[in-house]
Amino acid sequence: MRLVEIDAPESDQDYGQRSKQSLSDLCFGKDATVQDQGRDKYGRTLGRVACNGVDANLKQAEQGMAWFYVQYGHDPAIRAAEEKARADGAGLWADANPTPPWEYRHGGQKKPKTNTASTGGTGGGGACGLKSTCGQMSSCAEARHYLNDCGLSKLDRDHDGVPCESICGH
């Protein structure tokens, strides 16, 4: 079963076990209904789940136990629930910059882009490499590249659009 509209931390990721426990607390041993929305490429049922009448997908987002899955989500209530949980520092949002599961599954960053621009070795352009922390960046330009081109959002801990404050200032 894959709960639609949300993406929860992987089981070995920070908050993964807490998210799993939260869903278990909501649904284990309770009557559940599923709004079947088909199957994914792995053959899992895609659906919206209610346990004893409580929308588990929405509740996980409200409690800060899952992200609104922007790529596949359509329900503004779940998006709003994530935004409120984020603002309140609930669940995984207690961390300054939690790694989304879609980044975690790809080693902390999105798949490399095919940008072939070069910056003469300063690290400001080109394909995404394996760097994932500010300590690995050699310049502000490289940090900006990893944030903006590779989607490595954890470089921007305060969400102000400036990566690696120690390198880029502010």
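The values are calculated or read from the model by the stated rules, or taken from the named source; none is laboratory data. All values reported here derive from a predicted model rather than from experimental measurement. Cβ coordinates were reconstructed from backbone atoms using ideal geometry, including for glycine residues, and neighbour counts include every protein chain displayed. Protein only, heavy atoms only, side chains kept; ligands, DNA and RNA dropped before computing areas. Shrake-Rupley method; radii C 1.70, N 1.55, O 1.52, S 1.80 Å.
Of the residues making up the stretch 44-80, those that are over 19 Å from PRO98 (Cα atoms), surrounded by fewer than 18 Cβ atoms within 10 Å (Cβ to Cβ) and among the aliphatic types (A, V, I, L, M) are LEU46, VAL54, ALA77. For the residues GLY73, GLY89, GLY64, the requirement of being closer than 23 Å to TYR104 by Cβ and touching a helix residue (DSSP H, G or I) at 6+ places or on another chain (Cβ under 6 Å) singles out GLY64.
Where residues in the stretch 43-57 are small (Gly, Ala, Ser) and outside any strand (DSSP E or B), which of them is nearest to the chain's Cα centre (by Cα)? Spell out how you get there, then give the answer.
We begin by selecting, within the stretch 43-57, every residue small (Gly, Ala, Ser); these are 43, 47, 50, 53, 56.
Then keep just the ones that are outside any strand (DSSP E or B); that gives 43, 53, 56.
Values: GLY43: 23, GLY53: 27, ALA56: 18 Å.
Step by step, filter the stretch 43-57, then rank; the result is ALA56.
One line per residue, one yes/no per condition, for (1) among the small types (Gly, Ala, Ser); (2) not in a helix (DSSP H, G or I):
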position: ARG18; (1), (2): no, no
position: SER24; (1), (2): yes, no
position: VAL34; (1), (2): no, yes
position: GLN37; (1), (2): no, yes
position: LYS59; (1), (2): no, no
position: ILE78; (1), (2): no, no
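Counting just the residues of the stretch 1-13 that are in a loop (DSSP other than H, G, I, E, B), open to solvent by less than 100 Å² (accessible area, probe 1.4 Å) and charged (D, E, K, R), which one comes out nearest to ASP75 (Cα to Cα)? Per the stated criteria, the residue is GLU5. Considering the conditions (1) surrounded by 18 or more Cβ atoms within 10 Å (Cβ to Cβ); (2) assigned to a loop (DSSP other than H, G, I, E, B), ALA143 is excluded by exactly one of them, (2).
Quick check on the stretch 14-35. Is at least one of its residues in contact with an Asp or Glu (Cβ under 9 Å, 6 or more places away or on another chain), open to solvent by 50 Å² or more (accessible area, probe 1.4 Å) and under 17 Å from TYR104 (Cβ atoms)? Among the residues of the stretch 14-35, at least one is in contact with an Asp or Glu (Cβ under 9 Å, 6 or more places away or on another chain), open to solvent by 50 Å² or more (accessible area, probe 1.4 Å) and under 17 Å from TYR104 (Cβ atoms), which makes the answer yes. Cβ-Cβ distances below 7 Å connect the following pairs, each with a first residue in the stretch 47-65 that is among the polar types (S, T, N, Q), a second residue that is part of a strand (DSSP E or B) and open to solvent by 20 Å² or more (accessible area, probe 1.4 Å), and a separation of six or more residues or different chains: ASN57/LEU3; ASN57/ARG48. Of the set (1) at pLDDT 85 or above; (2) over 13 Å from the mean Cα position of the chain (by Cα); (3) part of a helix (DSSP H, G or I), all apply to HIS74 but (3).
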